[in-house]
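Here's the structure we're looking at; comments come further down.
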Protein chains: 2
Amino acid sequence: MSNPVLVNVMRGDELESSHCGAVAVIDADGAIVASLGDIERPIFPRSAIKVLQALPLVASGAADQLGLSDAELALACASHNGEALHAQTAAAMLAKAGLDASALECGTHWPYLDTATRALAAQGREPTALNNNCSGKHAGFLCLACALHGGVNLRQYVAGYVKPEHSVMREVTAALQAATGCDLATAARGTDGCSIPTYALPLRRLALAFARVGTGVGLSADHARAATRLRRAVAQAPFMVAGTGRFDTRVMERLGERVFCKVGAEGVFCAALPERGLGVAIKIDDGNNARACEVVMAAVIEAFVSLDDAQAMFMRTLSEVTLSNWNGIVVGQLVAAPGLRALAGSGQRGRHQ
Amino acid sequence: MSNPVLVNVMRGDELESSHCGAVAVIDADGAIVASLGDIERPIFPRSAIKVLQALPLVASGAADQLGLSDAELALACASHNGEALHAQTAAAMLAKAGLDASALECGTHWPYLDTATRALAAQGREPTALNNNCSGKHAGFLCLACALHGGVNLRQYVAGYVKPEHSVMREVTAALQAATGCDLATAARGTDGCSIPTYALPLRRLALAFARVGTGVGLSADHARAATRLRRAVAQAPFMVAGTGRFDTRVMERLGERVFCKVGAEGVFCAALPERGLGVAIKIDDGNNARACEVVMAAVIEAFVSLDDAQAMFMRTLSEVTLSNWNGIVVGQLVAAPGLRALAGSGQRGRHQ
């Protein structure tokens, strides 16, 4: 792997650290609009593709049958902070399916958001699986199970739903295969943080899937409708997809349906840019899924989305990040490396053609 | 920057992420015993050099005048977890100097250790500067100030001690310059997380400084005695230099004075290996100061320190790390990349010469 530097971390005027990676910007016909680094090497997309994994929840009719709200559908696409509202919303989804938190097989961890963790601790409480950042995705799987099963003994039916051979996960995997056009039977498979399978796929195919999510082109009619509904749900309830202070939430609060972006573990970030009909997929080689991913995604959005002055100023705070120390003294900056700036330039030229 | 891959992150049998960087293993005469990547490029050593910054605390006589204990001297070299015992020990050091936490200019943050943060929150408390990972280093600076000043109005004298031009910081900088042999007046300077200056220095010189700390060779007699005392203090009180669950603490609890190792921010890790007369300096390009740094340091220790079977088994758990998910299912592994394994092999051959 010898991908280019995408992000430089400056301390004063000196380079302190840097992040390498690859970026694919693809249209719905599969044409490469812009790219950096190796976009053919399979990478694990992790949580960046939750919207693809949520397509059957809507396409199956489960979301309508159970009357899922925008907030609940957004949570099904989320890697959330585990804040109280996230946990409550996951519990409400499970209740609609006639289940509760004990059906979740995602495991338990303390909330991602420090203040949410401290709030739980201050109340003398422990986290539950509802606080797991994936609880909404898993609640969505369990809602999907209602539509697939429909009969008695739902609780018995859903046991082991995280396993690749379970009919719930087969449905989810089929949606991923259809959206990416990859043969998942031959793809390398790993186990994700929340115990479901994750398949190694080229960035080019992931970006294509997001172009399809943004346009409907290349998806079945049911999946195209599902993608539109999920994107709108997230735009209506961007807090649900991440939470307080998070990049995805902040960007979609500002830009609404014009951007659908979703971060994943180990430095993966995907987005649909429906106005341009483009999909984006990013992998940071070292797995940094915070500062590096975010600067790259912000630079790509700046390049490929038409922004008014206020939006442009906001996005610039995410693509050129000031670093302060514990006393609030400015000590450095995160900046896009020259190669990424050039890609951004190509996007801006394309926009004015 | 095009340093080699040092650590691979595997998910199942697939490469998920990787970390590049550079390693210098140097003897006290400055000879390169082993190296990977660019060891001449200046990098900010950050907290990895706290032992060098603590040399004047001992050499000045301040540590003796104030009767500092091993635990307190170890805390002066620490990036600690902010656990209750760390905070109490920093407060005790300040009390010996006739000062309190209000003299600290390091800023405040919640403890690094999650359980310590949750314990504070459960008590309805907020952190103070004593919980800052650098509070021991800063308490050490303030104890040094006692020896430098000696008069009345100490509180007035120490104000602004973090600034490069303050006489406390000039003494600290002089020790760093002497140990590394670098001209810090011409080195690039940044501001550290705790607001003191940090100087960009080549890994080769940092490793040399740690070879000197381990052997005394090349240091003034006062600094050589101070280095020995600080290394012994940390070996006696390894909990103080980091804390619960931390690499530095765990390794020095096992290996005692045979290894002195200290992590720093942004992927820097330094060590003295006194038995072999070697110094080690590592920089991970992407700034990862946890998993990547630790696997590299563990591999270097395996290569250059003679270990009995139990010690070797222990170190192997740090150089080949099993990764589990929220359900405790094994999902992957951190492994040293081939180049690092080869460097490790060269160390083992050298050991048996």
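Only one of the numbered conditions (1) open to solvent by 10 Å² or more (accessible area, probe 1.4 Å); (2) away from chain A (no Cβ under 14 Å) is violated by B:A187, and that is (2). Number of residues in the range A:1-20 that are of a type outside the set (S, T, Y), facing chain B (nearest Cβ under 8 Å), out of contact with any Lys or Arg (no Cβ under 8 Å at 6 or more places or on another chain) and open to solvent by 30 Å² or more (accessible area, probe 1.4 Å): the value is 5.
Condition check for B:S47 on (1) part of a strand (DSSP E or B); (2) crowded, with 23+ Cβ neighbours inside 10 Å; (3) more than 10 Å from chain A (Cβ to nearest Cβ): one failure, at (1). When B:R204 is tested against (1) assigned to a helix (DSSP H, G or I); (2) open to solvent by 10 Å² or more (accessible area, probe 1.4 Å); (3) within 17 Å of B:G140 (Cα to Cα), just one condition goes unmet, and that condition is (3). Taking the criterion of being in a helix (DSSP H, G or I), of a type outside the set (K, R), touching a residue at least 60 places away in the same chain (Cβ under 8 Å) and surrounded by fewer than 21 Cβ atoms within 10 Å (Cβ to Cβ), the only residue of the range A:220-235 that qualifies is A:D222.
Look at A:D222 and say whether it is at pLDDT 95 or above and farther than 23 Å from A:A22 by Cβ.
So A:D222 passes the test.
If you go through the range A:55-62 one residue at a time, do you hit one that is open to solvent by less than 10 Å² (accessible area, probe 1.4 Å), in contact with a Gly (Cβ under 6 Å, 6 or more places away or on another chain), more than 14 Å from chain B (Cβ to nearest Cβ) and of a type in the set (G, A, S)? Within the range A:55-62 (the criterion being open to solvent by less than 10 Å² (accessible area, probe 1.4 Å), in contact with a Gly (Cβ under 6 Å, 6 or more places away or on another chain), more than 14 Å from chain B (Cβ to nearest Cβ) and of a type in the set (G, A, S)), the answer is no, since none of the residues qualifies. Among the residues of the range B:310-325, those that are of a type in the set (S, T, N, Q), within 16 Å of B:C293 (Cα to Cα) and surrounded by fewer than 17 Cβ atoms within 10 Å (Cβ to Cβ) comprise B:T317, B:T322.
Checked against (1) away from every other protein chain (no Cβ under 14 Å); (2) closer than 14 Å to B:L334 by Cβ; (3) open to solvent by 40 Å² or more (accessible area, probe 1.4 Å); (4) small (G, A, S), B:S306 passes all but a single condition, namely (2). Taken together, the residues in the range A:274-286 that are over 15 Å from the mean Cα position of the chain (by Cα) and within 18 Å of A:F44 (Cα to Cα) amount to 2. Residues considered: B:L68, B:L36. Of these, the only one that is open to solvent by less than 20 Å² (accessible area, probe 1.4 Å) and more than 11 Å from chain A (Cβ to nearest Cβ) is B:L68. Condition first: open to solvent by 20 Å² or more (accessible area, probe 1.4 Å) and touching a helix residue (DSSP H, G or I) at 6+ places or on another chain (Cβ under 8 Å). Now tell me which residues in the range A:167-184 satisfy that. Scanning the range A:167-184 gives A:S167, A:E171, A:A174, A:A178, A:G181, A:D183. Looking across the range B:257-273, the residues that are open to solvent by less than 20 Å² (accessible area, probe 1.4 Å) and more than 9 Å from the chain's Cα centre (by Cα) come down to B:V259, B:G267, B:A272, B:L273.
One residue alone among B:A116, B:A74, B:A92, B:A87 is within 21 Å of B:V168 (Cβ to Cβ) and crowded, with 19+ Cβ neighbours inside 10 Å, and that residue is B:A74.
The set of residues in the range A:121-160 being within 22 Å of A:L75 (Cα to Cα), surrounded by fewer than 22 Cβ atoms within 10 Å (Cβ to Cβ) and modelled with pLDDT of 95 or more consists of A:E126, A:P127, A:T128, A:A159, A:G160.
Would it be correct to say that B:L99 is surrounded by fewer than 24 Cβ atoms within 10 Å (Cβ to Cβ), of a type in the set (A, V, I, L, M) and more than 14 Å from chain A (Cβ to nearest Cβ)? Judged against the criteria, B:L99 is a match. Does B:V217 count as in contact with a helix residue (DSSP H, G or I) (Cβ under 9 Å, 6 or more places away or on another chain), buried (at least 23 other Cβ atoms within 10 Å of the Cβ) and β-branched (V, I, T)? Against the criterion (in contact with a helix residue (DSSP H, G or I) (Cβ under 9 Å, 6 or more places away or on another chain), buried (at least 23 other Cβ atoms within 10 Å of the Cβ) and β-branched (V, I, T)), B:V217 does not qualify.
Could you go through the range B:21-28 and let me know if any residue there is within 13 Å of chain A (Cβ to nearest Cβ), outside any loop (DSSP other than H, G, I, E, B), surrounded by 24 or more Cβ atoms within 10 Å (Cβ to Cβ) and under 20 Å from the mean Cα position of the chain (by Cα). Yes, the range B:21-28 contains at least one residue that is within 13 Å of chain A (Cβ to nearest Cβ), outside any loop (DSSP other than H, G, I, E, B), surrounded by 24 or more Cβ atoms within 10 Å (Cβ to Cβ) and under 20 Å from the mean Cα position of the chain (by Cα).
Considering the conditions (1) without any contact (Cβ under 8 Å) to a residue 60 or more places away in the chain; (2) surrounded by 23 or more Cβ atoms within 10 Å (Cβ to Cβ), A:V330 is excluded by exactly one of them, (2).
Determine, yes or no, whether A:L52 is surrounded by fewer than 24 Cβ atoms within 10 Å (Cβ to Cβ), within 17 Å of A:A139 (Cα to Cα), in contact (Cβ under 8 Å) with a residue 12 or more places away in the chain and more than 14 Å from chain B (Cβ to nearest Cβ).
Considered against the rule, which asks whether it is surrounded by fewer than 24 Cβ atoms within 10 Å (Cβ to Cβ), within 17 Å of A:A139 (Cα to Cα), in contact (Cβ under 8 Å) with a residue 12 or more places away in the chain and more than 14 Å from chain B (Cβ to nearest Cβ), A:L52 comes out as no.
Across the range B:236-280, the number of residues qualifying as free of Cβ contacts under 8 Å to residues at least 24 places away in the same chain and aliphatic (A, V, I, L, M) comes to 1. The requirement of being closer than 15 Å to B:I282 by Cα and outside any loop (DSSP other than H, G, I, E, B) is fulfilled somewhere in the range B:6-14, by at least one residue. Filtering B:A292, B:A298 for residues that are open to solvent by less than 30 Å² (accessible area, probe 1.4 Å) and away from chain A (no Cβ under 14 Å) leaves a single hit, B:A298. A single entry from A:S47, A:S102 fulfils the requirement of being closer than 24 Å to A:L176 by Cβ and polar (S, T, N, Q): A:S47.
Taking (1) open to solvent by 10 Å² or more (accessible area, probe 1.4 Å); (2) closer than 27 Å to B:A59 by Cβ; (3) charged (D, E, K, R) in turn, B:D248 satisfies each apart from (1).
Over 21 Å from A:D192 (Cβ atoms), among the basic types (K, R) and within 14 Å of another protein chain (Cβ to nearest Cβ), is that true of A:R258? It is false that A:R258 is over 21 Å from A:D192 (Cβ atoms), among the basic types (K, R) and within 14 Å of another protein chain (Cβ to nearest Cβ).
The values are calculated or read from the model by the stated rules, or taken from the named source; none is laboratory data. Quick caveat: nothing in here was measured; it's all calculated off a predicted structure. Neighbour counts are summed over all protein chains in view; Cβ atoms, including those assigned to glycine, are modelled from backbone coordinates with ideal geometry. Note: areas computed on protein heavy atoms with side chains; ligands, DNA, RNA excluded. Shrake-Rupley method; radii C 1.70, N 1.55, O 1.52, S 1.80 Å.
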